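The values are calculated or read from the model by the stated rules, or taken from the named source; none is laboratory data. Since this is a predicted model, take the numbers as computed values, not measurements. Note that each Cβ is placed from the backbone with ideal geometry, even for glycine, and that neighbours are counted across all protein chains shown.
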Amino acid sequence: MNFLTLAKLSELIQNMTFDSIWMFINYIQIFLCGIVGLSLSLLSFSGTWLIFASAAIFKIFDQQNKISFTLLFIYLAICLITEVVEPFAAKYGITRSGGSKKSEIISILSGFIGALIGEVLIPIPFLGNILGMFLFMFFAIYCIEYRRLNCRHSSIKIAWAGVVSKVFMLMFKFLITTAMFIYLVSTVF
């Protein structure tokens, strides 16, 4: 049984042309870029750019014009919009709850540093990064606001608003990246 399967596989490989091999590699790169892009978006990085790059690479080698330039332009616009919106999410949450400009800046830096620390302290993929990011961000904003206001209740409220806005932005980026990946896969296949 295994011999017949290997014989059929060998025959299939011998009959493949250069174009079909190249398209197969292209399909694999879309799948891998999609998985990595989704993973990056869960870590608060922009996975949308990876999906856009994957679509652009596919367009370069696509002889059947499955991907249009309009789709690439839309993907580029989505990538730019998510990059512009992201810094304002934490800023909006912190400012809306009465936080300072220093807390807005620290929220971005502490989220990144916390994700790295969380990866080391909690070596569970994604969970360590996310917990580290949120806990470190909360603690950093709380310390800055407590020093400024000398009030625990207000400092907790502002820190919590920063973390919640970061959670919503993380979900937004993940959903956008997922939608882009699903649409790309449905267009290509």
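Within the range 57-74, count every residue that is assigned to a helix (DSSP H, G or I) and either among the aromatic types (F, W, Y) or surrounded by 12 or more Cβ atoms within 10 Å (Cβ to Cβ) (or both).
Counting residues in the range 57-74 that are assigned to a helix (DSSP H, G or I) and either among the aromatic types (F, W, Y) or surrounded by 12 or more Cβ atoms within 10 Å (Cβ to Cβ) (or both) gives 9.
Going through the range 78-97 one residue at a time, which ones are among the hydrophobic types (A, V, I, L, M, F, W, C) and closer than 16 Å to V167 by Cα? Walk me through how you get there before you give the answer.
Step one: list which residues in the range 78-97 are among the hydrophobic types (A, V, I, L, M, F, W, C), which gives 78-81, 84-85, 88-90, 94.
Correct list: V85, F88, A89, A90, I94.
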Loosely packed, with under 12 Cβ neighbours inside 10 Å, without any contact (Cβ under 8 Å) to a residue 40 or more places away in the chain and closer than 30 Å to N129 by Cα: is that true of I35 in this structure? no
Could you say whether any residue in the range 109-122 is closer than 24 Å to G37 by Cα, among the charged types (D, E, K, R) and assigned to a helix (DSSP H, G or I)? yes
Hey, any hits in the range 93-104 for a residue that's under 18 Å from S41 (Cβ atoms) and surrounded by 13 or more Cβ atoms within 10 Å (Cβ to Cβ)? no
Suppose we filter the range 123-155 for residues that are surrounded by fewer than 16 Cβ atoms within 10 Å (Cβ to Cβ) and either assigned to a loop (DSSP other than H, G, I, E, B) or touching an Asp or Glu at 6+ places or on another chain (Cβ under 9 Å) (or both); how many remain? 6
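Using the structure shown, decide if A159 is surrounded by 16 or more Cβ atoms within 10 Å (Cβ to Cβ) and either aliphatic (A, V, I, L, M) or assigned to a helix (DSSP H, G or I) (or both). Working first, answer last.
Values: surrounded by 16 or more Cβ atoms within 10 Å (Cβ to Cβ): yes; either aliphatic (A, V, I, L, M) or assigned to a helix (DSSP H, G or I) (or both): yes.
Yes, satisfied.
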Sort through I106, I94, I117, I124 and tell me the only one that's touching a Ser or Thr at 6+ places or on another chain (Cβ under 8 Å) and either β-branched (V, I, T) or at pLDDT below 90 (or both). I94
Selection status of A115, closer than 19 Å to G47 by Cα, buried (at least 17 other Cβ atoms within 10 Å of the Cβ) and among the small types (G, A, S): yes
